[in-house]
Every structure is written in C-alpha cells, then in structure tokens.
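Presented below is the structure to which this report refers.
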Amino acid sequence: MLDSRPAPQALAPIRHRLAWLACWATALALAFFAAGQARAQAPDPQDPPNVIIQKAANNVLDRIRKDQELKSGSPEKINQAIDELILPYVDFEKTTRLAVGRYWRQATPEQRSSLVKEFRNMLVRTYGGSVSAITPQARVDMRPFRAEPNATDVVVRTTVTDGQRDPIPVDYRLEKSAQGWKIYDLNVMGVWFIQNYRDQFASIGSQGGVDAIIKALQTNNQKMSTGR
C-alpha cells in the first residue's frame, strides 16, 4: 500500500549571525568560545555552572586553534571534539526530549534512541562547516552570574564577538543532576534553541507522529550528507 502521509518537512536551523555559536549546545550548540590562551583545564561537573562554561570555552577554542582539520570542518574531527569536549557537559537526551515535546512521551525506547541519534547528527552537519569561519579574535565575555545557593536550574549569560561584528548575547541553561551540572538549552539573540525546534517538530508530528519526525531528521541528514 502506498504511504499517503505528507512528505516530511525540511528542518530549518536557527538563522542568526554566527549561527555556529548557537549550536553546541547543543548537538546543542562546539559553541563555547573564550578569550585568552589559557592552558586547557577540563571542567568538573561539580564546578559552579559559570565556571564550567568558562573552562569548556577555553578548551574548545584551544582545540580549534591547534587542529587545522577541525578548523577546516572535518566531520570526523568535529565529532571527536564534540565527544571529548562537549558531550560530557551536555544532557543531550533532555535537549531532544524537550524539543520533541509530547511526541517524546509517545515514542518507544527504540524511537527515542533514533530521535537522539538523528537530531545530534543533524546539528553536527548543519553547523559543523561554520567552524572554519571562526576568527582568532573570537571570544566570550562572561556576564555577572547570579543564582540561589540551592538552585538546580540556572542560566549563565555571556556575550560573544569575533572582533568584526557587534557582540551577540548567548545564554546557557543548565540543570544540576546527580552527576553535576549539565547544559541542555541555549539562547542566541532572544531565541531559545529548544523552542526553535519544538515548533518545527510539533508541525511535523501532527502529520505523522514520532515516525514522521524521525523520517524528517533522517531525510535532512541524507540530503546534507550527499550535498543535495
């Protein structure tokens, strides 16, 4: 029987200047940049959240400056950097769960695994090539951090500049778990990453449920992989 459901919609990335700075987060956002040539120091998840962002930023910028393959946009190098420098401090399953919204509750364990995998792959492919546009002057300025001593959900505010454009506000939302602080969302120029994709997933899911969302992600990944 022919499938009569509408074809999956295309998923659009967050469209802002320096969009790469919005992503890793992600997937959410290799998006941590900081000034200076400080010696790399791995963040401790038990560190205060603003310290985690600052240390992760130094590590990513240091890696980009030293690794020409990464700076050229090598998918293998980007994945390696994400795995080593970003994912230990990101709750990407929570990012995916919140972006998918009510359809996550309807998904089977296998579907949830596919959603996380395909969403991450899409973000890497969407934003990975932009790493080559990062200039040596790129930096993040940490804004004053305020949170209650017993807070478990906080926002770390920064401004990002590359020395050529006006500073761009980039805010990170973190949650404290048993494993320490984890990033799960970020805001670039007033747009929260999760909300941007939640709206798109809601529209696609209304046409075909969880499978339609997975199919849309897979289709986008295939198109980006082949350059079509």
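Overview of results
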| quantity | calculated |
| --- | --- |
| Percent carbon-and-sulfur accessible area, segment 138-202, ignoring ligands, DNA and RNA, probe 1.4 Å | 43 percent |
| J(HN,Hα) series, segment 150-162, from Karplus relation 6.51 cos²θ - 1.76 cosθ + 1.60, nearest Hz, glycine and proline x | 9, 5, 10, 9, 9, 10, 9, 9, 9, 10, 10, 9, 10 |
| Relative packing of 80-93, 154-167, which averages over residues the other C-beta atoms within 10 Å, highest first | 80-93, 154-167 |
| Net +/- balance of residues flanking E175 in space, Cβ distance below 10 Å, scoring K and R +1, D and E -1 | +1 |
| Straight-distance crosslink candidates among lysines, where the alpha carbon sits under 16 Å from K182 and sequence neighbours closer than 8 are dropped | K55, K94 |
| Segment K176-T108, length gained on full extension (0.36 nm per residue, minus Cα span) | 21.8 nm |
| Cα-Cα pairs of segment 97-228 separated by more than 20 Å (percent) | 58 percent |
| Amide H partners (placed H, <5 Å) of S177, local residues excluded | K182 |
| Expected-Rg normalisation [2.2 N^0.38 Å, Cα atoms] applied to segment 163-228 | 1.51 |
| Segment 161-228, dipole about Cα centre (Lys/Arg Cβ +1, Asp/Glu Cβ -1), debye to the nearest 20 | 240 debye |
| Dipole of segment 41-175, positive direction: furthest Cα of I82, P45, I168, with charges on the beta-carbon | I168 |
| Estimated distance in nm for a label pair at S72 and D153, the labels positioned 7 Å out from Cα along Cα-to-Cβ | 4.4 nm |
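The values are calculated or read from the model by the stated rules, or taken from the named source; none is laboratory data. Only a predicted model underlies this, so the values are computations on that prediction, with no experimental measurement involved. When we count neighbours, we look across all protein chains shown, and the Cβ atoms used for this are built from the backbone with ideal geometry, even at glycine. With ligands, DNA and RNA removed, areas are computed over all heavy atoms of the protein, side chains included. Shrake-Rupley method; radii C 1.70, N 1.55, O 1.52, S 1.80 Å.
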